[in-house]
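To keep things clear, I will list the structure first and then write my remarks on it.
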Amino acid sequence: MTDSDKYKLHIKAHAFIKKRPDQIKGLKPKKIAKLFQKLLVFQEELDLQNKKLRHIQGKLENSCNFFYQLYNSAPVGYMIIQSEGIISQANNTLAELLDMNLDDLRGRLFIDFIAPKEQQLSQARIQDFYRNPDRKNLDLQLRRRNGKTLNVRLRGRLVNWPYPNTDAETSKQLLVIVSDITELKRVEKKFKHQAHHDALTKLPNRLLLSERLNQVLAKARRDGQYSAVLFLDLDNFKTINDSLGHSVGDRLLIEVARRLRRNLRRDDTVARLGGDEFVVLLGNIDKDLHKVASQAHSIAEKVRKTLSEPYQIGNQKLHISASIGISLFSSNNENADDILKQADTAMYQAKTEGRNAFRFYRPEMQSEAQARMVIEQDLRKALDRGEFVHYYQAQVDTLGRIIGAEALLRWQHPNQGLIAPAKFMRVAEETGLIVPIGEMGLQAIFKQFNHWSNSGLGEVIQSLAVNVSLRQVHQRDFSQMVIEKLKDAAIDPQLIKIEITEDLMLTERKLDIDQIMELKTHGLRFSVDDFGTGYASLASLRRLPVDEIKIDRSFIRNVNIEPDDASIVETIIAMAQKLKIDSIAEGVERREQMDFLNSRGCDKYQGNYFSRPLPAQEFTSLLEQGEVRPIGLTH
Ligand code: C2E
Ligand code: MG
Ligand code: MG
C-alpha cells in the first residue's frame with residue numbers, strides 16, 4: 001500500500017468516526033488506532049487476493065476464448081446430443097458443413113439432418129450409435145440446406161458438459177465428432193473402380209467379370225435361363241505390338257474396346273482380361289438353348305466383322321482380326337472359371353482352324369487343349385533328348401542346278417514318328433521354346449554345312465537358308481549367338497541366308513533392327529520368307545538390308561490358272577528387279593509354274609518339282625549329283 005493509499009485510508013477512518021460516533025463510543029483512541037492498523041492489513045491482503053483473482057479470471061477467460069475459437073474452427077463438426085437425440089450444442093464447422101446457421105441446428109433432432117434416402121436405413125444404426133457411442137464409427141449421408149448430400153463419419157465420446165470440474169451442474173453427455181469424408185469416399189470409389197477395371201481401355205477386368213459371371217450364374221439358378229460367353233483373342237496383335245511399338249498397340253486395343261462396346265447392349269459385359277484377350281458376357285438370354293445359340297452366333301459374327309474392318313491409327317492403316325470362342329451355359333454345376341476356360345478352348349480352336357472366325361465350345365475340345373499341353377511337355381523333353389533334326393531342300397537355277405538349300409526343322413518323335421513344323425511350331429513360339437530349339441538347330445545346321453564344305457561339296461551348295469522366328473530375334477544376344485556359332489563352325493557368313501518373316505520386316509524395335517544390321521555387317525544375307533502374305537511394305541524393304549524375296553507358295557500354286565495370282569507374282573518379280581533384290585519362288589510343283597516364273601524373270605526356285613526336303617544323308621547324295629532334274633532348259 002502506497003503512502004497516498006494510507007493517507008486516503010486515514011481520511012476515510014476520520015469520516016467513518018464522524019459519521020458513526022456511537023459505534024466507537026467508549027473506545028480509547030489507542031484501541032481505535034490499533035483497529036485501523038488491523039483493518040489496513042486486512043485491506044492490503046484483500047487487495048492482493050483480488051488482484052490475483054482478476055489475473056486468474058483474465059487467464060481463464062483467455063483460455064475459454066481460445067478453446068471456443070478452437071472448437072468453432074476445428075476441421076471437424078462437434079455437437080452435443082441429448083438423450084432424446086436432440087442437438088443441444090454445435091460448433092460453427094458443423095453449421096458450415098450443413099450450410100446452415102447454428103440456430104438452425106440447436107434444439108433440432110439430429111435425425112432430421114440425415115439424407116432422406118438414408119433415414120430409414122439409419123434409424124436402427126443411429127439408435128445403436130447413441131447407445132454405444134464408443135464402440136464404432138458411423139458413416140452416413142447428411143443433407144445440406146441446398147438439398148445436396150454430404151458423406152460424413154460420426155465418432156462418439158461421452159463427456160462432462162458444460163465444463164468438467166466446475167460447480168455448475170454437470171452430467172455425461174454425448175459429444176459427436178462429425179468428419180466430412182467426401183474426399184475419402186471419392187478416393188475409395190476410385191480405388192474400387194481401379195481394382196475392377198482395366199486402366200487402358202476402362203473396360204471391366206477379370207475380377208469384375210467373374211463377379212458378373214457369378215451373378216449371372218446365381219440368377220440362372222433361379223430362372224433356368226442360358227447365357228453365353230464370347231472369348232476373343234486378336235489374331236495378329238502381337239506382331240503389330242512388337243513391330244510397330246506399344247503405343248500403336250495400346251491405341252489399337254482402345255479402338256477394339258470401343259468397337260466392342262458400340263456393338264453390344266448396355267447390359268452386356270465387355271471385359272478385357274489382359275493383353276489382347278477380351279470377353280463378352282451375354283447374361284441370362286433365354287431358357288431355350290437354340291435361341292441362345294442363335295443369338296450368340298449372330299453377335300459373334302457381328303463382333304468378328306466389326307473387328308476385322310481396317311483401323312486408322314495415326315497415319316497408319318492396320319488390319320487385324322479376332323478369333324472367338326463361345327461357351328453357352330446355364331447353372332448346372334458350372335463355375336465362372338470353367339466357363340471361361342471352355343470359351344478359351346473354343347477360341348483356340350477357331351485360331352487353329354484359320355483365325356478370323358468363331359467356334360462354339362464342344363466337350364471334345366478339352367482333349368485338343370490337353371493335346372496342346374502334351375505337345376508342350378513333349379517339346380521340352382525333345383530338347384533334352386535331342387529329337388530335332390533338319391531336312392534340306394534344294395534351291396535350283398533355271399537349269400536345275402543346285403545353288404543352295406533351305407534347312408527345315410523336323411521333330412523325330414519317339415512314338416509319333418517324324419513331325420512337320422506345322423504341328424508344333426505354334427506351341428514352340430507361344431511357349432518361347434523356339435529360342436533354345438532354334439539355337440541348337442543353328443549349331444547342327446552349321447555343323448552339317450561345314451561337313452559338306454570339307455567333303456568338297458562347297459562348290460555345289462553356295463548358300464544355306466535358315467529360318468528364324470521373330471521371337472528368336474527378340475533375344476538380346478541373338479546376333480552375337482549367330483556370329484559365335486558361325487565362327488565355331490568356321491563358316492563364311494556370306495554363305496548363310498537368314499529367312500525372316502514379314503512380321504520381322506515390320507519391326508520398329510531398335511534392338512531387332514540393330515541385331516539385323518550387325519549380322520549384315522558380318523556379311524550374312526537376308527531373305528523375306530512367304531513374301532506377299534503379310535504386311536511388309538516397300539518402305540520396310542528399304543529400311544532393312546534385304547537381299548532376296550521369297551515368293552510365297554500360295555501364289556505359285558495357281559499361278560498358271562488364276563490371273564490375280566499371276567499378276568501378284570509378276571508384280572513381286574518386277575518390284576524386286578527394280579529394287580535390285582533377288583527373287584526366289586517356293587512351292588514350285590510343276591513344270592509350267594517354273595516356266596511362268598522364268599518368263600517373268602524369276603530364275604531361282606524351290607519346291608517338290610525339283611526335290612522334296614530330304615534328310616542330311618540323302619541330301620548329300622543329291623549334292624554329289626549337283627543337279628536335281630535334267631530339265632534341259634536353255635536361255
Ligand atoms: P517355309 O520357310 O516357308 O518353308 C517352306 C515350306 O514349304 C516347308 O514346309 C516345305 O516342306 C514346304 N514345301 C517345299 N516345297 C513344297 C512344294 O512344292 N509344295 C508345297 N505345298 N510345300 C512345299 P515345312 O518344312 O513343313 O516348314 C513349314 C514352316 O515351318 C516353314 O515354312 C518355316 O516357316 C517353319 N520352319 C521350318 N523350319 C524352321 C526352323 O528351323 N526354324 C523356324 N523358326 N521355323 C522353321
Ligand atoms: Mg523358309
Ligand atoms: Mg516360305
With r as the distance between the Cβ atoms of Lys317 and Glu618 and R0 = 41 Å, compute the FRET efficiency 1/(1 + (r/R0)^6) and round to 0.05. 0.30
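Which of Ile111, Ile126 comes first, and how do the rest follow, when ranked by fewest Cβ neighbours within 10 Å? Show your work: numbers first, answer last.
On the way: Ile111 13, Ile126 20.
Ordered by Cβ neighbours within 10 Å, fewest first: Ile111, Ile126.
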Tell me what the chain gives for mean residue ellipticity at 222 nm when only DSSP H runs of n ≥ 4 count, each as -39,500 (n - 2.57), the sum divided by the residue total, rounded to 500 deg cm²/dmol. -16000 deg cm²/dmol
Students often get this wrong, so check it: of Lys189/Lys291; Lys341/Lys381; Lys8/Lys30; Lys317/Lys341; Lys317/Lys520; Lys381/Lys447, which have C-alpha atoms separated by over 28 Å? Lys189/Lys291; Lys317/Lys341; Lys317/Lys520
How about region 42-138: which chymotrypsin sites (Phe, Trp or Tyr not before Pro) there lie in a loop by DSSP and see at most 12 other Cβ atoms within 10 Å? none
Regarding region 3-70, what is the average projected area of its C-alpha convex hull, in nm²? 6.4 nm²
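Quick one: work out the % antiparallel among DSSP beta bridges in the chain, nearest 5. Show your work: numbers first, answer last.
Values: 66 of 89 bridges.
Of all bridge pairs located within the chain, approximately 75 percent are antiparallel.
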Calculate the radius of gyration of the Cα atoms of region 74-187 to one decimal place, then report Dmax, the largest Cα-Cα distance, as a whole number, both in Å. 13.8, 47
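Can you pull a Stokes-Einstein diffusion coefficient for region 197-375 at 4 °C (1.567 mPa s), Rh from Kirkwood over Cα pairs, as a whole number of µm²/s?
Value of D from the Cα-based Kirkwood radius: 79 µm²/s.
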Quick P(r) readout (region 300-404; Cα-Cα; 5 Å bins; whole %) gives 2, 10, 12, 13, 10, 11, 10, 11, 10, 5, 2, 1, 1, 0
Can you check how the C-alpha radius of gyration of region 296-353 compares to 2.2 N^0.38 Å, as a plain ratio? 1.43
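As a test of the definition: which semi-axes, in Å, follow for region 460-523 when you take the square root of five times each eigenvalue of its alpha carbon gyration tensor? Largest first, please. Don't jump to the answer; show the numbers that get you there.
On the way: eigenvalues 83, 36, 18 Å².
Value: 20, 13, 10 Å, ordered largest first.
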Exposure proxy order (Cβ contacts within 10 Å, fewest to most) of Ile285, Ile11: Ile11, Ile285
Equivalent ellipsoid semi-axes, the chain, via Cα gyration tensor eigenvalues times 5, rooted, Å: 94, 33, 21
Cut-off 14 Å between beta-carbons: net charge of the residues surrounding Glu570, Lys and Arg +1, Asp and Glu -1: -2
Would you mind checking the tilt of helix 206-223 against the longest principal axis of the Cα atoms of the chain, expressed as 0 to 90 degrees and rounded to 10? 90 degrees
Net +/- balance of residues flanking Val559 in space, Cβ distance below 14 Å, scoring K and R +1, D and E -1: -4
With label points built 7 Å along Cα→Cβ from the Cα atoms of Asp112 and Glu61, find their separation and express it in nm. 3.6 nm
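Go through region 580-609 and name the trypsin sites (Lys or Arg not before Pro) that are in a DSSP coil and have 10 or fewer other Cβ atoms within 10 Å of their Cβ.
Details: sites: Lys580, Arg590, Arg591, Arg600, Lys604; in loops: Lys580, Arg590, Lys604.
Hits after loop and neighbour filter: Lys580.
Ranked from highest to lowest mean number of other Cβ atoms within 10 Å per residue, what is the order of the peptides 236-245, 140-149, 415-424, 20-29? Walk me through the numbers on the way to the answer.
Working: 236-245: 19.4, 140-149: 14.8, 415-424: 12.2, 20-29: 9.6.
Sorting 236-245, 140-149, 415-424, 20-29 by mean packing, highest first, produces 236-245, 140-149, 415-424, 20-29.
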In nm², the average projected area of the convex hull spanned by the Cα atoms of region 213-309 is 6.4 nm²
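Where does each of Ile568, Ile584 land when they are ranked from fewest to most other beta-carbon atoms within 10 angstrom? Before the final figure, lay out the partial values.
On the way: Ile568 17, Ile584 25.
Ranked by crowding around the Cβ, least crowded first: Ile568, Ile584.
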Once you have all Cα-Cα distances for region 386-625, histogram them in 10 Å bins from zero and send the whole-percent values. 7, 32, 38, 21, 2
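Any read-out appearing in this document is the output of simple, stated calculations on the displayed coordinates, not a laboratory observation. Quantities reported herein were computed from a predicted structural model and do not represent experimental measurements. When we count neighbours, we look across all protein chains shown, and the Cβ atoms used for this are built from the backbone with ideal geometry, even at glycine.
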